[in-house]
Each structure stands twice: as C-alpha cells, then as structure tokens.
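The values are calculated or read from the model by the stated rules, or taken from the named source; none is laboratory data. Keep in mind that this is a model prediction, so the values were computed, not measured. Note that each Cβ is placed from the backbone with ideal geometry, even for glycine, and that neighbours are counted across all protein chains shown. We work out accessible area using only protein heavy atoms, side chains counted, and drop any ligands, DNA or RNA first. Shrake-Rupley method; radii C 1.70, N 1.55, O 1.52, S 1.80 Å.
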Amino acid sequence: MLAVKADGRIVLMDNSTETIAHSMDAQIMEPLYQYAWLIPVLPLATAMVIGLGLISFNQVTNQLRRANAIFVIAGLAAAMAYSLAILWSQYHGHAPYLQTFEWASAGTFHLTMGFTIDHLSALMLTIVTTVALLVMIYTDGYMAHDPGYVRFYAYLSLFSSSMLGLVVSINLVQIYVFWELVGMCSYLLVGFWFDRKSAADAAQKAFVTNRVGDFGLLLGILGLFWATGSFDFQTIGDRLQQLVSSGALSSGVAILLAILVFLGPVAKSAQFPLHVWLPDAMEGPTPISALIHAATMVAAGVFLIARMFPVFSGMPEVMNVIAWTGAFTAFLGASIAITQNDIKKGLAYSTISQLGYMVMAMGVGAYSAGLFHLMTHAYFKAMLFLGSGSVIHGMEGVVGHDPVLAQDMRLMGGLRKYMPLTSLTFLVGCLAISGIPPFAGFWSKDEILGSVFASNPAMWMVGWLTAGITAFYMFRMYFSTFEGSFRGHQTDVRQQLKAAAGEPELAMAFGPGAMDPKELDQDHHHSDSPHESPLTMTLPLLILAVPSLLIGLVGTPFNNYFEAFIHPAGDAIAEVAEVAHEFDWTEFLVMGGSSIGIALIGITLASLMYLQRKLDPGAIAAKIKPLYEFSLHKWYIDDLYNTVFVQGCRRLARQVLEVDYNVVDGVVNLTGFVTMISGEGLKYFESGRVQFYALIVFLAVLGFVIISA
C-alpha cells in the first residue's frame, strides 16, 4: 500500500518491491487521490455556507430557496463525480492510497488522522453520493412548501458529509468522530418537525438508543488501544491475535473488547436489542427516511463491521455472536412488518430485517456477500422510501393535512391508475427486495443464503423463512396501496383510524409531505383524487429503478465481478479469484430455486389475501390472535423498554429528586439558617464601644482562671 505523508512524499507501507511501471502509475494517479479529501469537504462547505447564512441573514437566505438547493446539489454532484472517478480507478487495479498527518502527540503517543482510498471506501463513497444526490433532488419537490426548506438542505448536506468522512477514515478514533457526527445529524433530521411531539420524542429515542451502543463502542476502542497500542484496524487484528496466542491477553478479554465494539454497529444498524429507534425515526421527513435507511446511518454499522473484519474474523465466538444477532434481527423485523399499516413503518421494519441479512453475512465470513447486499439494498430501499413519500404526497389532497391518515395503507388502494410512475418503481423495488431474478436483490440475498447454508444450515433456515415473509409483506404493501379500489373517501374507515390513533396533531405548521396547508382549502393543484408527484420526485424514482433492476448483475455467482473487486484487507486477489471460479451450477440452481420458491409462496399468499380477496386477512388474524397481537405490538419490546427503562428511570429520577430536595437542599438550607441565626446573635457583640470589648476580655480571662483553678 502507498502512504503519502503530509509533505507529499510517497512511502511504501509494506516491504514488497514495486516495479518501475507501478511507481510511475502511482505518480500519474496521485493527483486524483491526493485531493480525495474534497469529497466530504464539498458538502460540508455547502452546509456551513447555508448555516452561516441562516444565522446571519435568515430572512434573505430563506427567500433564496431554489438557489440554496442548487448550491447544495451542485456540491454533492461534484463529490459524486469525484467518487465515481476514484471507483473507476480502483476497479482498474490502482493501488490503495493513504494520506496521514500527525494530529496529536504526547511522549511516545502519536495519533494520526487522514484519509484512505481503497476498494471498500471507493464503493461506499459512490453509494453514499449517488443515493444522497437523488434524495436531494427529490427533496426539492417533497419539501417545496415547507418553511424549513433551506434548513433541511443544510442538514442533509452536513449528514452526507459526515457519512463520507466516516468511510474514508483511517483509524477507529477518526471513525468515532464522524460516527458521532452522523448521530447528531440524524437527531436533527428525525426531529426536524420539532413542534410535533411525536417527532421530538422519536429524535430523543434515536439519540438515547444510539448512545447506548456508542458507549460500548467507545469502551471497546479504548480497550483495544490498551491491549494493542494502536487504533489501526489491521494492526489491532494482528497484535490481538499475537497477544492471545502468546497468552499475554486472555481470549475472554479479547472477545469482550470485540463485542463492545460490535455494540456500535448494533445501535447504528438497528440490530436487536437496539433496533427500537429506527421505526420511530419515520417521524422525520421522507427524504431523510430514505437517506438514513439506504446509504448513511444504518449502513455505517455494516461498514464498521467490514472495517473491523481483520479483528472479528480471528475470533469465532465473536463471529457467531454477530451472525446470530443478524439472523434473529432479520426474522424479528420481518415478523413485525407483516402487520404494519403505516407504509413508512412497514418499510422501516423491512430495513431492520435486511440489515440483519447483512450482519448475518458478515458473521459467517461472507464479507463480499454482505457488502453486495448493502449496495443493492441501498438503491432499491431508497427507491421504496421515496416511493412511499410520493404516495403520501399524492394522498394529502384527499385525506387532508393529517399524517396518520396520509400514511395508512387502509385508506389507499387503486393508486396505480393515479400514480403510474410511482407504482411502477414501487413494484420494481418490491420484486428486488423479494429476491425475484433478475432484480438486484435476488443476487445479493441468494449469495448470503448460499454462504450461510455452507456455514450453518439452522441459520440458513431462519434466513430462508425470512425471505418468504419479506416477499409476503412487501406485496401486501404493494397490493394494499396500488391495486384494488381507492378507499380514501370511506369516512367510516377514517373515523375508525382516528379513534384508534387518538386525536391527530392538527395544529401542525406543516405536514408529512410537500403540501402547503393553504392548498387544502383550494381547488387548484390538488383535487379529491390522488395525483402523481412532480418531476423532481418521480425522476429520482425512475433513476433508482435502473440499479434496482440491473446492478445485481455485477455479482452473479458465475461471473462475480463484485467479489473480485471487494475482498477483506490482507486477502490476496489471486485467492479471491480462485474462490470465485469455484462455481457449481447444481448448487446454484438448488439454492437459488429454493429462495425463489419461498418468495413466490409469499407473493401468492399476499395476492390471495390483498389482491384477489380469496382469503380474509381479518379472519386469519382472528384465528391466530395471540400471534397477530404479538406482531402488531412489535413483540412488546417497546412496551418492555418503556416500562423498565423509561418509566423506571423516571421513578428513579423522582426518588433522586426527593433526596435532593429533602437531604441535599435540607443540609444547604440548614447551613444557611444556622449562619443567619448565629449572625443575628453575634451582631450584638459588635457594638464598636471599647469599654464593652474590654468587659468581654475581662470576663473571658476570668473564665479561663476559674476553669484552670
């Protein structure tokens, strides 16, 4: 690997002999890599400029809405172009690049910062910039009438910059800095509509839940530095194995430190038991839901597992914990999604389930399969979330400015004839996530299931059943939303939904979509029927449909370009290529056929229930009411957390308040009271008369004489 010091000198990081041609090639490519730090800095700069404008010239900055949007989009577009150039360079075999500078030093301690460009970072840069750019274009239509339009763009730009900085980080300390920035941005964006109590509560829930995982991550980072003296991923992995093998470090301590680090991805990637924040994050505007669930925050956890693969892969116990956590989370998310009626929350639990697949793949050592699914999922899940936002936008003209009704699939139906582009792209996303070939999700999910089967058939069974449930709930969502007859005008259904949800928050300044509240009382622009979204919203959907359909072809098992490109650090490319050539058509047809079969069963059941109406979902739910209630109430995990942690902490806080009021404040108040009384008494001894002072001295001396006698 090439390292470039702060003064620009190229240094070889290993002892291998480089050819002259290789050195010349590195010099040619150096300018491209040398300024790669601009990729995270460009969106950071746009966010800073807009933020300073909002602070200093708020009214003028808010009036220049479209100019600010163009400014932000242009900055990210430049970052995307740069990322694509780097990906192209890495794909053609150019050496990884590392640029560092000393950030802090004390004695023998030296902490370096910088950025690295390798296959993993090049891939992640491309995914984040492409998805973020399309989300920003979509935002112009979705948030068109929102008074916080400019502020939202500033947050989006800062969020993108934080994630881009994270993926080029060279060590755990730098990752932790950007890790927390990503968390801060998610807090700002989830609670963007902070005057809605539900949004404010969701932001706090996301923040607190992630702090639990991040505290574990911090402890793990400090512990690994204590054990190995390094923050570098590969160095930590090598030294940790040496310490354990030599007996200098207990294997139990090494496992504990690795699991503490894993707690960070558990929270960020919404794995059980820290998954509860992600569905509530749907209270934020839909563009940020798409960005969080596709390419930024939740992807950060899987990315960190990939970066820490040299550490985790040497500990089978840790890998088992990772794999089973992912497998259980995949099933958990899918089992809850089948009963959700809110279109965004259904997609949120779908994201939890798909993230479980990625983590499970990492746990069984299927490094490339997990990252492959991360890439394909980023595109089709972004499209699905943006599609749900398009549906919500189209529904607002019918149900009014009510987020409860606009997002409930029980008031939808038949939207395909009103929103043909949205329905088409949503169908593509459903086919992709269900694992139907040749859509992207089939290739990545099948790669994971094949790797898991070779490692643990019981775990494969969990993933295989989850694939069938995934196909069922996704097509339940599609049929309920886009097929059948439109149910938006059924007043009895509206009243039932309002009664079940309680009084909706009608006093909001703005709603869940791009609808201007004033338009609710106007006949133009919006009618009593749903409508297709504007071009700024449908164009990103159509663009995302292309990779959702085709990008999986780069990772077909019989010609796996993706696996040849992405491989764990330290693995020889020749070994990866050799494994890629070991393709068995029989195994592929059996494994692929089984995953397609279970997906088709799920789609068929959804069709019988929600399209053809030959099976009554209500009757089935009544027969298995305990299971239905268990799923509907999200396994009662949120209720348990609320009782134990939220209410428990409140009770503890009240007790502490009593102690503070009666004991701490009591001691302080008593001290003040004693001081006041003593002062009141002593003031009479301060008369200023010399005779009185002489009398006091005489009496004091007399007293001492009497006592001594």
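When we screen Thr61, Thr108, Thr100, Thr126 for residues that are touching a strand residue (DSSP E or B) at 6+ places or on another chain (Cβ under 8 Å) and either over 17 Å from Pro285 (Cβ atoms) or not hydroxyl-bearing (Ser, Thr, Tyr) (or both), the only hit is Thr100.
Among residues of the range 310-325 that are under 21 Å from Lys268 (Cβ atoms), those with a beta-carbon under 7 Å from a residue that is among the polar types (S, T, N, Q) at least six positions away or on a different chain give the pairs Pro310/Gln234; Met319/Ser313; Thr325/Gln271.
In this structure, does Tyr379 turn out to be in contact (Cβ under 8 Å) with a residue 60 or more places away in the chain, open to solvent by 10 Å² or more (accessible area, probe 1.4 Å) and either on the phi < 0 side of the Ramachandran plot or in a helix (DSSP H, G or I) (or both)?
Details: in contact (Cβ under 8 Å) with a residue 60 or more places away in the chain: yes; open to solvent by 10 Å² or more (accessible area, probe 1.4 Å): yes; either on the phi < 0 side of the Ramachandran plot or in a helix (DSSP H, G or I) (or both): yes.
Spelling it out, Tyr379 is indeed in contact (Cβ under 8 Å) with a residue 60 or more places away in the chain, open to solvent by 10 Å² or more (accessible area, probe 1.4 Å) and either on the phi < 0 side of the Ramachandran plot or in a helix (DSSP H, G or I) (or both).
Taken together, the criteria place Glu317 among residues that are farther than 30 Å from Tyr149 by Cβ and acidic (Asp, Glu). For Arg476, the conditions (1) part of a helix (DSSP H, G or I); (2) of a type in the set (Lys, Arg); (3) within 20 Å of Tyr418 (Cα to Cα); (4) open to solvent by 30 Å² or more (accessible area, probe 1.4 Å) are fulfilled apart from (4). State yes or no: is Gly488 over 18 Å from Gly356 (Cα atoms) and in a loop (DSSP other than H, G, I, E, B)? Answer is yes for this residue. Is it the case that Tyr357 is surrounded by fewer than 24 Cβ atoms within 10 Å (Cβ to Cβ) and within 23 Å of Leu465 (Cα to Cα)? No: the conditions fail for Tyr357. Considering Ile707, Ile696, the condition of being farther than 30 Å from Thr329 by Cβ and loosely packed, with under 10 Cβ neighbours inside 10 Å is satisfied by Ile707 alone.
Can we say Phe262 is among the aromatic types (Phe, Trp, Tyr) and within 22 Å of Asp639 (Cα to Cα)? So Phe262 does not fit the description; no. So, Ala323, is that one touching a helix residue (DSSP H, G or I) at 6+ places or on another chain (Cβ under 7 Å), crowded, with 24+ Cβ neighbours inside 10 Å and part of a helix (DSSP H, G or I) or not? So Ala323 does not fit the description; no.
Could you run through the range 169-206 and say how many residues are of a type in the set (A, V, I, L, M) and open to solvent by 10 Å² or more (accessible area, probe 1.4 Å)? Break it down into steps so the answer makes sense when it comes.
First, the residues of the range 169-206 that are of a type in the set (A, V, I, L, M): 170, 172-173, 175, 177, 181-182, 184, 188-190, 199-200, 202-203, 206.
Narrowing further to those that are open to solvent by 10 Å² or more (accessible area, probe 1.4 Å): 170, 173, 177, 181, 184, 188, 200.
Total meeting the criteria: 7.
Residues to consider are Asp616, Asp638; find the one that is of a type in the set (Asp, Glu), surrounded by 14 or more Cβ atoms within 10 Å (Cβ to Cβ) and at pLDDT 90 or above.
On the way: Asp616 fails: surrounded by 14 or more Cβ atoms within 10 Å (Cβ to Cβ).
When all the criteria are applied, what remains is Asp638.
Just one residue in the set Ser350, Ser390 is in contact with a Lys or Arg (Cβ under 9 Å, 6 or more places away or on another chain) and either open to solvent by 10 Å² or more (accessible area, probe 1.4 Å) or under 23 Å from Ser423 (Cα atoms) (or both); that residue is Ser350.
Going through Gly356, Gly301, Gly346, Gly370 one at a time, which residue ends up being within 18 Å of the chain's Cα centre (by Cα) and without any contact (Cβ under 8 Å) to a residue 60 or more places away in the chain?
Exactly one residue qualifies, and that residue is Gly301.
Yes or no: Ala369 open to solvent by less than 10 Å² (accessible area, probe 1.4 Å), touching a helix residue (DSSP H, G or I) at 6+ places or on another chain (Cβ under 8 Å) and at pLDDT below 95? When the stated conditions are applied, Ala369 passes them.
Is one or more of the residues making up the range 252-266 surrounded by fewer than 24 Cβ atoms within 10 Å (Cβ to Cβ) and closer than 29 Å to Met143 by Cα? No, that holds for no residue.
For the range 445-460, the count of residues that are open to solvent by less than 20 Å² (accessible area, probe 1.4 Å) and under 17 Å from Lys381 (Cβ atoms) is nonzero. Contact map, the range 213-230: residues that are over 18 Å from Leu111 (Cβ atoms) paired with residues that are assigned to a helix (DSSP H, G or I) and open to solvent by 10 Å² or more (accessible area, probe 1.4 Å), Cβ distance under 6 Å, separation 6+ or inter-chain. Pairs shown: Gly213/Leu263; Gly216/Leu260; Gly216/Leu263; Leu219/Leu260.
Residue count for the range 86-110 under the criterion of being surrounded by fewer than 14 Cβ atoms within 10 Å (Cβ to Cβ) and on the phi < 0 side of the Ramachandran plot: the result is 11. Going through (1) out of contact with any Asp or Glu (no Cβ under 9 Å at 6 or more places or on another chain); (2) over 29 Å from Gly51 (Cα atoms); (3) part of a loop (DSSP other than H, G, I, E, B) one by one, Pro147 falls short only on (2). Scanning the range 286-303 turns up no residue that is touching an Asp or Glu at 6+ places or on another chain (Cβ under 8 Å) and either within 23 Å of Phe426 (Cβ to Cβ) or open to solvent by less than 10 Å² (accessible area, probe 1.4 Å) (or both). For the range 143-168, the set of residues classified as within 18 Å of Ala69 (Cα to Cα), among the aliphatic types (A, V, I, L, M), open to solvent by less than 10 Å² (accessible area, probe 1.4 Å) and within 17 Å of the chain's Cα centre (by Cα) consists of Leu156 only.
Please pick out the residue among Gly602, Gly597, Gly592 that is of a type outside the set (A, V, I, L, M, F, W, C), closer than 23 Å to Tyr473 by Cα and touching a Pro at 6+ places or on another chain (Cβ under 9 Å).
Step by step, each of Gly602, Gly597, Gly592 is checked, and only Gly592 is of a type outside the set (A, V, I, L, M, F, W, C), closer than 23 Å to Tyr473 by Cα and touching a Pro at 6+ places or on another chain (Cβ under 9 Å).
Considering only residues in the range 401-422 that are open to solvent by less than 10 Å² (accessible area, probe 1.4 Å) and in contact with a Leu (Cβ under 6 Å, 6 or more places away or on another chain), the one that is nearest to Tyr473 (Cα to Cα) turns out to be Leu411.
Output the residues belonging to the range 657-709 that are of a type in the set (S, T, N, Q) and not in a helix (DSSP H, G or I).
If we filter the range 657-709 for residues that are of a type in the set (S, T, N, Q), which is where we start, we get 662, 669, 671, 675, 678, 687, 691, 708.
Hit for the range 657-709 is Ser687, nothing else.
Cβ-Cβ contacts under 6 Å between residues 6 or more apart (or on different chains), taken from a first residue in the range 174-202 that is outside any helix (DSSP H, G or I) to a second residue that is of a type in the set (D, E, K, R), are listed as Arg196/Glu505. On the given criteria, is Ser631 within 30 Å of Asp342 (Cα to Cα) and in a helix (DSSP H, G or I)? Against the criterion (within 30 Å of Asp342 (Cα to Cα) and in a helix (DSSP H, G or I)), Ser631 qualifies. Of the candidates Ile598, Ile551, the single residue that is open to solvent by less than 30 Å² (accessible area, probe 1.4 Å) and at pLDDT 90 or above is Ile598.
Can you tell me which condition Phe630 does not meet? The list is (1) among the hydrophobic types (A, V, I, L, M, F, W, C); (2) closer than 29 Å to Ala440 by Cβ; (3) open to solvent by 50 Å² or more (accessible area, probe 1.4 Å), and all the others hold. Here Phe630 meets the rest and fails (2).
Just one of the listed residues (Tyr636, Tyr684, Tyr661) is free of Cβ contacts under 8 Å to residues at least 12 places away in the same chain, of a type in the set (Ser, Thr, Tyr) and within 23 Å of Met474 (Cα to Cα), namely Tyr636. Determine whether Val398 is open to solvent by 10 Å² or more (accessible area, probe 1.4 Å) and assigned to a helix (DSSP H, G or I). Considered against the rule, which asks whether it is open to solvent by 10 Å² or more (accessible area, probe 1.4 Å) and assigned to a helix (DSSP H, G or I), Val398 comes out as yes.
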